[in-house]
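In what follows, a single structure is set out as structure tokens and then discussed.
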Amino acid sequence: MNFQLFLVAILFANSLGNDPSETTETTVEVSRPAYIGHMNTTMSVSCSLLHPPAGNITTTWTRKSDSKVIEDSETGFTVTTVSEENKVTLTLTIDKAVNTQDDSYECKFEKKDVSQSWTGTADVYLFIVTPHGAAVDVGDSATLSCVMTDIVKNLTVTWENGEGSDVDDLQGYSFVEGINEKGTQTSTLTIEEAQEDETFTCTLYPYEDEPYHTDVELEVDNSERALKLSTLLTALLFIWSSL
């Protein structure tokens, strides 16, 4: 084999070994397209620099609503950085005290010695849940509700009774999950015959692994039943004493 054929064979073999899906391009990956949570709860957002270049990488978070650069250990925020093989992950934890409105947070990775930088954006959407309980007489039906406002998608909802059992598995209850209509979703639970005071739990799932729980109170008035029993006992005692 002459030298030219040998060179062609080597180039052909190398081309077979190159997988075009394997890239070493440096990019930023945000772990979620949007972060959804309840107002005044602690939330964490994160992004990763994939295939970072060798050398020192500086990182920053910026709140886009007011261009505030967030420093590590600043009141209301915690910043953590984890370096792994071919990845640097930057996480911002937003304390419930400052998590009060929708906002966007920009993560930035920078290699200053060569004036290179990479950015990503984590959008935070906050909703509010308002529970509506009920007060009824014993034996009457009762309807409870959870009203979710400022939501950006339909939320999965479940209801549990005071013992923590899913009402969907029990008789005597019916519930409607509700759908998002212009940012508001109302879920209702109907108890066919209320018997006693009970705390029900409305559970929302912005994400499958991140439920949000709200207690909803049912108050049942037993005074009428007690009066009837008292009247019946008085009558029975009168009859017995007359014998």
Members of the stretch 167-178 that are in contact with a Ser or Thr (Cβ under 6 Å, 6 or more places away or on another chain) and within 21 Å of A194 (Cβ to Cβ) | S174, V176
What is the one condition in (1) at pLDDT below 90; (2) in a strand (DSSP E or B); (3) of a type in the set (D, E, K, R) that D19 does not satisfy?
-> (2)
Does T89 fit the bill of being touching a Cys at 6+ places or on another chain (Cβ under 8 Å), of a type in the set (S, T, N, Q) and modelled with pLDDT of 95 or more?
-> yes
Might you let me know whether the stretch 72-92 holds any residue that is open to solvent by 70 Å² or more (accessible area, probe 1.4 Å), within 22 Å of Y212 (Cα to Cα) and not hydroxyl-bearing (S, T, Y)?
-> no
The listed residue being in contact with an Asp or Glu (Cβ under 6 Å, 6 or more places away or on another chain) and in a loop (DSSP other than H, G, I, E, B), out of S48, S65, S73 = S65
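Give, as residue ranges, the strands (runs of 3 or more DSSP E) completely inside the stretch 129-226 that count at least 2 residues that are open to solvent by 80 Å² or more (accessible area, probe 1.4 Å). Walk me through how you get there before you give the answer.
Numbers: elements: 134-137, 142-149, 156-160, 173-176, 184-191, 198-207, 210-221.
Qualifying strands (runs of 3 or more DSSP E): 210-221.
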Residue in the stretch 26-41 that is of a type in the set (V, I, T), within 24 Å of the chain's Cα centre (by Cα) and part of a loop (DSSP other than H, G, I, E, B) present | yes
Selection over the stretch 98-126 where residues are within 16 Å of V45 (Cα to Cα) and either of a type outside the set (F, W, Y) or not in a strand (DSSP E or B) (or both) yields a count of 17
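The values are calculated or read from the model by the stated rules, or taken from the named source; none is laboratory data. The shown structure was predicted, so the numbers you read here are calculated from the model rather than taken from an experiment. Ideal geometry is used to build each Cβ from the backbone, glycine not excepted, and the neighbour counts take in all protein chains shown. These area figures cover heavy atoms from the full protein model, side chains too; ligands, DNA and RNA do not enter into them. Shrake-Rupley method; radii C 1.70, N 1.55, O 1.52, S 1.80 Å.
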